[in-house]
Amino acid sequence: MSTSYQNIRGTFDILPDAYTDDGGTRIASSAEWRHVEATIRDVMRRHNFEEIRTPILEPTELVARGVGESTDIVQKEMFAFERKDTQYVLRPEITAPVVRSFLQHHLDQRGGVQKLFYIGPCFRAEKPQKGRYRQFHQFGIEILGADEARADAETIAVLMAICEALGLSDLHLRLNTLGTPERREEYIAALQDYLAPYADELSETSRRRLDRNPLRILDTKVEHEQEILRDAPQLIDFVGDESLAHYEEVKGLLADLEIEYEEDPHLVRGLDYYTETTFELESPGLGAQSALAGGGRYDRLAEVLGSDEPVPAIGFAAGMERLFLALDDADAERPAPPEPDVFIAALGDEAERWVFRTSQDLRDAGLHVAHDLMGRSLKAQMKEANRQNAPYAVIIGGNELDAETATVKEMESGEQVDVPFDGLAEHLRERVENP
Ligand code: HAM
């Protein structure tokens, strides 16, 4: 079989079985995705987070304003289009949409702090490579309405708990504080003054950032630029006392939870909305795309999006694809695809009808039932039962229909027993539950 169509570069199919894509990356099976998603949901429930689902299509302006006009995401990575005078974007991230939804639906009126989580696809027109896709999946949390340091520490704790529940260790947490936007402006001016004499020595990207987004230069991977930055003014010397006290409290709470971290004064993140605490979680096995997750406070975002009151908030998002890469690297345990409890093989037209009808009854009784839909020979059906790893097969032919008894075969031992039709569901349930 063949088709002239392929999935779009930077996207991928999730299939019942895991496979290796053209770039040599293992794409996990849908069962593995479900397992990871179930683990995430379980940890979210334990931490008392509620799910929010927002649309994939959002107004372009929400993203441009929320994420920031000068960011790479808005400058060059949005899948945006116009239709009948309306500007749409495929969401590149989920924080701005969650804040929009929070404000639009007055979720503050539910009372207290809103602790929300999400799992879903995001879109960025980046150059596809290992761990970097154009359609990828994020899971994350947003805690809205809490300015306490405990919210910061809880955000990080949830992320670490999910990684631990999935069997990931050997992770590296980097932590920084960006202070308030006002203080940061002062720092940016100082940084620009410091870097100006070096402008000719900077890479083209950094030179462009010098005017537009100088903080991002701190993120540089170019060794020569890192050298220049060694004596640059430090952001931590500019953030105010209140920010410093908040940061100290966060660090103390992380220590209480025995969460290890490294302070990184150059950790600035690529989105404009951050204030105060920021962090990134890295997994060494990820190579160039080492960030598994990132997040931080964004105490001003609600106002940027039109709120007349501030909404202090913090959250993180992690990339599912990178999580799977890290799981591969850690050789973490993964579930096998689900197997049917029983495969029912039919011999002849009349038996096929009986099997079709009875399968429904057995499913109503809670059993996971497979049967043939191709009119294949008994031998081919038993081969299929084996391929699907069904522990039991039921064989129905003319004799069985006459005697109103089914032949139940245990696949591994080959042992067979006759079971009357009216006791079949109960018999199978009993054996499946107590193998
Ligand atoms: P971000 O750092 O842009 O933050 O993305 C978070 C995570 O999404 C990254 O650490 C990475 O694992 C994954 N990711 C990003 N781009 C790609 C891509 N092209 N392919 C595969 N994975 C990718 C945010 O999006 C913020 N909204 C996080 C946040 C939530 N801050 C506060 N609350």
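Numerical summary
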| item | result |
| --- | --- |
| Checking GLU164 against (1) assigned to a loop (DSSP other than H, G, I, E, B); (2) surrounded by fewer than 17 Cβ atoms within 10 Å (Cβ to Cβ), the condition it does not meet | (1) |
| Residue in region 67-117 that is least open to solvent (accessible area, probe 1.4 Å), counting only those that are assigned to a helix (DSSP H, G or I), within 11 Å of the ligand (Cβ to nearest atom) and more than 21 Å from ARG53 (Cα to Cα) | ILE73 |
| Region 130-150: number of residues that are more than 9 Å from the ligand (Cβ to nearest atom) and open to solvent by 10 Å² or more (accessible area, probe 1.4 Å) | 6 |
| Residue match in region 167-176 (condition: surrounded by fewer than 22 Cβ atoms within 10 Å (Cβ to Cβ), of a type in the set (A, V, I, L, M) and either under 20 Å from PRO97 (Cα atoms) or more than 15 Å from the ligand (Cβ to nearest atom) (or both)) | no |
| Residue selected from region 16-34 under the condition away from the ligand (no atom under 16 Å from the Cβ) and open to solvent by 70 Å² or more (accessible area, probe 1.4 Å), by the criterion nearest to GLN138 (Cα to Cα) | ARG34 |
| Of all residues in region 271-281 being within 9 Å of the ligand (Cβ to nearest atom) and not hydroxyl-bearing (Ser, Thr, Tyr), the one that is farthest from PRO214 (Cα to Cα) | LEU281 |
| Residue list for region 317-337, restricted to those being away from the ligand (no atom under 16 Å from the Cβ) and touching a His at 6+ places or on another chain (Cβ under 8 Å) | ARG334, PRO335 |
| Positions within region 220-270 being within 16 Å of the ligand (Cβ to nearest atom) and open to solvent by less than 20 Å² (accessible area, probe 1.4 Å), in sequence order | VAL250, LEU267, VAL268 |
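Every residue, every condition in (1) more than 10 Å from the ligand (Cβ to nearest atom); (2) loosely packed, with under 15 Cβ neighbours inside 10 Å, yes or no:
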{"residue": "GLN289", "(1), (2)": "no, no"}
{"residue": "VAL304", "(1), (2)": "yes, no"}
{"residue": "ILE314", "(1), (2)": "no, no"}
{"residue": "GLU339", "(1), (2)": "yes, yes"}
{"residue": "GLU350", "(1), (2)": "yes, yes"}
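Residue-wise test of (1) open to solvent by 70 Å² or more (accessible area, probe 1.4 Å); (2) assigned to a strand (DSSP E or B); (3) among the acidic types (Asp, Glu).
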{"residue": "TYR273", "(1), (2), (3)": "no, no, no"}
{"residue": "ASP299", "(1), (2), (3)": "no, no, yes"}
{"residue": "ALA318", "(1), (2), (3)": "no, yes, no"}
{"residue": "LEU373", "(1), (2), (3)": "yes, no, no"}
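The values are calculated or read from the model by the stated rules, or taken from the named source; none is laboratory data. The shown structure was predicted, so the numbers you read here are calculated from the model rather than taken from an experiment. All Cβ positions, glycine included, derive from the backbone under ideal geometry; neighbour counts span all protein chains shown. Just so you know, the surface numbers come from the protein's heavy atoms only, side chains and all, with ligands and any DNA or RNA stripped out. Shrake-Rupley method; radii C 1.70, N 1.55, O 1.52, S 1.80 Å.
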